[in-house]
1. For residues that are of a type outside the set (Ser, Thr, Tyr) and part of a loop (DSSP other than H, G, I, E, B), tally how many sit in segment 118-149.
2. Answer with yes or no whether Gly115 is under 12 Å from the mean Cα position of the chain (by Cα) and assigned to a loop (DSSP other than H, G, I, E, B).
3. Any chance you could count how many residues in segment 88-104 are among the hydrophobic types (A, V, I, L, M, F, W, C) and in contact with a Gly (Cβ under 7 Å, 6 or more places away or on another chain)?
4. Which count do you get for residues in segment 159-175 that are assigned to a strand (DSSP E or B), touching a Ser or Thr at 6+ places or on another chain (Cβ under 9 Å) and of a type outside the set (Val, Ile, Thr)?
5. Could you list all residues from segment 148-171 that are farther than 20 Å from Thr34 by Cβ and either at pLDDT 90 or above or of a type in the set (Gly, Ala, Ser) (or both)?
6. Name the residues in segment 42-67 that are charged (D, E, K, R) and either surrounded by fewer than 17 Cβ atoms within 10 Å (Cβ to Cβ) or in a strand (DSSP E or B) (or both), would you?
7. Report yes if Ser128 is of a type in the set (S, T, N, Q) and under 18 Å from the mean Cα position of the chain (by Cα), otherwise no.
8. Any residue in segment 163-176 that's closer than 20 Å to Glu99 by Cβ: show its pairings with residues that are among the hydroxyl-bearing types (Ser, Thr, Tyr) and at pLDDT 90 or above at Cβ separation under 6 Å, as long as the two are six or more apart or on different chains.
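The values are calculated or read from the model by the stated rules, or taken from the named source; none is laboratory data. From a predicted model like this one, the values you see are computed outputs, not experimental measurements. Glycine also receives a Cβ, built like all others from the backbone with ideal geometry; neighbour counts cover every protein chain displayed.
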Amino acid sequence: MSHNRNLWKNLAAVAVASASAFALAGCGNFNISTKAQEELAGKTVTVHMIGVNPSELERWKTYSVTQYFRPGDPLRESAVAGGYARVMNFGPSNPNPQELKKDDEIWRKWHSRHGENIVVLACLPGYSDKDDKAGSADPRRLILPMSTSQWRWAYWGKDTVDLEISRGKVTCLNEHKPAKP
(Lines give C-alpha, C1' and ligand atoms only; values in the text may rest on other atoms or scores of the structure.)
Protein backbone atom coordinates (compact mmCIF):
# COMPACT_ATOMS: atom_id res chain seq x y z
CA MET A 1 0.00 0.00 0.00
CA SER A 2 2.76 2.46 0.91
CA HIS A 3 4.51 1.47 -2.32
CA ASN A 4 1.48 2.69 -4.33
CA ARG A 5 1.36 5.91 -2.31
CA ASN A 6 5.05 6.56 -3.03
CA LEU A 7 4.50 5.78 -6.72
CA TRP A 8 1.67 8.35 -6.91
CA LYS A 9 3.79 10.95 -5.08
CA ASN A 10 6.66 10.38 -7.53
CA LEU A 11 4.32 10.62 -10.53
CA ALA A 12 2.84 13.85 -9.17
CA ALA A 13 6.32 15.28 -8.66
CA VAL A 14 7.29 14.38 -12.23
CA ALA A 15 4.11 16.02 -13.56
CA VAL A 16 4.77 19.24 -11.63
CA ALA A 17 8.42 19.29 -12.75
CA SER A 18 7.40 18.72 -16.37
CA ALA A 19 4.84 21.53 -16.27
CA SER A 20 7.41 23.85 -14.71
CA ALA A 21 10.01 22.97 -17.34
CA PHE A 22 7.45 23.61 -20.08
CA ALA A 23 6.67 27.06 -18.64
CA LEU A 24 10.34 27.92 -18.17
CA ALA A 25 11.12 26.84 -21.73
CA GLY A 26 9.17 29.87 -22.88
CA CYS A 27 6.18 28.14 -24.39
CA GLY A 28 3.75 30.64 -22.91
CA ASN A 29 1.40 32.93 -24.74
CA PHE A 30 1.57 36.71 -25.05
CA ASN A 31 -0.61 39.56 -26.23
CA ILE A 32 -0.05 40.96 -29.71
CA SER A 33 -1.17 44.57 -30.08
CA THR A 34 -1.53 45.77 -33.67
CA LYS A 35 -1.91 49.40 -34.67
CA ALA A 36 -2.39 50.91 -38.13
CA GLN A 37 -0.57 54.22 -38.61
CA GLU A 38 -2.54 57.41 -39.25
CA GLU A 39 -1.23 57.50 -42.83
CA LEU A 40 -3.55 54.54 -43.50
CA ALA A 41 -6.65 56.41 -42.30
CA GLY A 42 -9.45 55.85 -44.78
CA LYS A 43 -7.69 52.82 -46.31
CA THR A 44 -8.62 49.19 -45.79
CA VAL A 45 -5.85 46.99 -44.42
CA THR A 46 -6.17 43.30 -43.57
CA VAL A 47 -3.68 41.55 -41.29
CA HIS A 48 -3.47 37.76 -40.84
CA MET A 49 -1.52 36.05 -38.05
CA ILE A 50 -0.85 32.35 -38.60
CA GLY A 51 0.85 30.01 -36.15
CA VAL A 52 3.09 27.66 -38.15
CA ASN A 53 5.15 24.62 -37.28
CA PRO A 54 8.70 24.02 -38.55
CA SER A 55 7.63 21.83 -41.47
CA GLU A 56 5.34 24.61 -42.79
CA LEU A 57 7.62 27.58 -42.22
CA GLU A 58 9.51 27.52 -45.53
CA ARG A 59 6.27 27.55 -47.51
CA TRP A 60 4.99 30.53 -45.54
CA LYS A 61 8.31 32.36 -45.97
CA THR A 62 8.29 32.00 -49.75
CA TYR A 63 4.57 32.16 -50.57
CA SER A 64 3.51 35.25 -52.52
CA VAL A 65 1.83 37.75 -50.18
CA THR A 66 -0.06 39.20 -53.16
CA GLN A 67 -1.32 35.71 -54.10
CA TYR A 68 -2.28 34.95 -50.49
CA PHE A 69 -4.69 37.90 -50.36
CA ARG A 70 -6.30 37.18 -53.75
CA PRO A 71 -9.91 35.95 -53.54
CA GLY A 72 -10.07 32.16 -53.49
CA ASP A 73 -6.41 31.60 -52.57
CA PRO A 74 -6.24 28.01 -51.25
CA LEU A 75 -3.56 28.66 -48.59
CA ARG A 76 -5.48 31.61 -47.11
CA GLU A 77 -8.82 29.80 -47.28
CA SER A 78 -7.31 26.74 -45.61
CA ALA A 79 -5.78 28.81 -42.78
CA VAL A 80 -9.00 30.73 -42.15
CA ALA A 81 -11.32 27.70 -42.46
CA GLY A 82 -8.96 25.62 -40.30
CA GLY A 83 -9.18 28.21 -37.55
CA TYR A 84 -5.44 28.86 -37.32
CA ALA A 85 -5.41 32.33 -38.87
CA ARG A 86 -6.32 35.35 -36.74
CA VAL A 87 -7.73 38.06 -39.00
CA MET A 88 -7.67 41.76 -38.16
CA ASN A 89 -9.33 44.32 -40.41
CA PHE A 90 -8.51 48.01 -40.23
CA GLY A 91 -10.35 50.70 -42.15
CA PRO A 92 -12.54 53.79 -41.95
CA SER A 93 -15.04 52.04 -39.66
CA ASN A 94 -12.37 50.28 -37.57
CA PRO A 95 -9.19 52.40 -37.27
CA ASN A 96 -8.41 51.54 -33.62
CA PRO A 97 -5.60 49.26 -32.45
CA GLN A 98 -6.56 45.60 -32.12
CA GLU A 99 -5.16 42.99 -29.80
CA LEU A 100 -4.80 39.25 -29.88
CA LYS A 101 -5.02 38.34 -26.19
CA LYS A 102 -2.72 35.78 -24.63
CA ASP A 103 -5.77 33.80 -23.47
CA ASP A 104 -7.37 33.70 -26.93
CA GLU A 105 -8.41 30.21 -28.03
CA ILE A 106 -6.22 30.43 -31.16
CA TRP A 107 -3.07 29.98 -29.04
CA ARG A 108 -4.28 26.50 -28.08
CA LYS A 109 -4.84 25.72 -31.77
CA TRP A 110 -1.34 26.96 -32.67
CA HIS A 111 0.29 24.94 -29.88
CA SER A 112 -1.67 21.80 -30.81
CA ARG A 113 -0.24 22.14 -34.34
CA HIS A 114 3.28 22.42 -32.80
CA GLY A 115 3.61 26.05 -33.86
CA GLU A 116 6.97 27.69 -33.26
CA ASN A 117 6.52 30.89 -35.27
CA ILE A 118 3.77 33.36 -36.06
CA VAL A 119 3.68 34.56 -39.65
CA VAL A 120 2.13 38.02 -39.92
CA LEU A 121 0.91 38.99 -43.40
CA ALA A 122 -0.55 42.38 -44.28
CA CYS A 123 -2.56 43.33 -47.35
CA LEU A 124 -1.32 46.88 -47.87
CA PRO A 125 -2.58 49.32 -50.51
CA GLY A 126 -0.41 49.82 -53.58
CA TYR A 127 1.39 46.47 -53.67
CA SER A 128 1.31 44.02 -56.60
CA ASP A 129 3.00 40.83 -57.86
CA LYS A 130 6.16 42.74 -58.77
CA ASP A 131 6.64 43.59 -55.09
CA ASP A 132 6.66 39.97 -53.88
CA LYS A 133 9.85 38.82 -52.19
CA ALA A 134 10.71 35.82 -50.04
CA GLY A 135 10.93 35.94 -46.25
CA SER A 136 11.58 39.18 -44.44
CA ALA A 137 12.64 40.87 -47.71
CA ASP A 138 8.91 41.41 -48.31
CA PRO A 139 7.92 44.22 -45.92
CA ARG A 140 4.34 42.90 -45.78
CA ARG A 141 5.56 39.71 -44.06
CA LEU A 142 6.88 39.40 -40.53
CA ILE A 143 7.93 36.18 -38.82
CA LEU A 144 7.78 36.20 -35.03
CA PRO A 145 8.98 33.54 -32.59
CA MET A 146 6.22 31.97 -30.46
CA SER A 147 8.56 31.17 -27.58
CA THR A 148 8.54 33.85 -24.89
CA SER A 149 12.22 33.03 -24.24
CA GLN A 150 12.97 34.70 -27.60
CA TRP A 151 11.56 38.06 -26.42
CA ARG A 152 13.77 40.37 -24.40
CA TRP A 153 10.76 41.89 -22.58
CA ALA A 154 9.77 38.50 -21.17
CA TYR A 155 12.57 38.83 -18.64
CA TRP A 156 10.99 42.02 -17.30
CA GLY A 157 7.53 40.58 -16.70
CA LYS A 158 5.91 42.14 -19.76
CA ASP A 159 3.60 40.14 -21.98
CA THR A 160 2.80 42.21 -25.08
CA VAL A 161 4.32 42.35 -28.55
CA ASP A 162 3.58 45.61 -30.37
CA LEU A 163 3.12 45.62 -34.14
CA GLU A 164 2.77 48.70 -36.30
CA ILE A 165 1.24 48.69 -39.77
CA SER A 166 2.29 51.52 -42.07
CA ARG A 167 1.78 52.19 -45.77
CA GLY A 168 5.01 50.37 -46.57
CA LYS A 169 5.50 47.60 -44.01
CA VAL A 170 4.69 45.63 -40.89
CA THR A 171 7.06 46.44 -38.03
CA CYS A 172 7.60 44.75 -34.67
CA LEU A 173 8.45 47.39 -32.07
CA ASN A 174 9.87 44.87 -29.55
CA GLU A 175 13.37 43.48 -29.53
CA HIS A 176 13.60 39.72 -30.04
CA LYS A 177 15.96 37.00 -31.15
CA PRO A 178 15.44 35.86 -34.76
CA ALA A 179 12.65 33.35 -35.38
CA LYS A 180 13.79 29.75 -35.72
CA PRO A 181 14.84 28.95 -39.31
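1. Total satisfying the criteria: 10.
2. Yes.
3. Residues meeting the conditions: 0.
4. Total satisfying the criteria: 3.
5. Ser149, Gly157
6. Passing the criteria: Lys43, Glu58, Arg59.
7. It is false that Ser128 is of a type in the set (S, T, N, Q) and under 18 Å from the mean Cα position of the chain (by Cα).
8. That search, which allows pairs on different chains as well, returns Leu163/Thr34; Glu164/Thr171.
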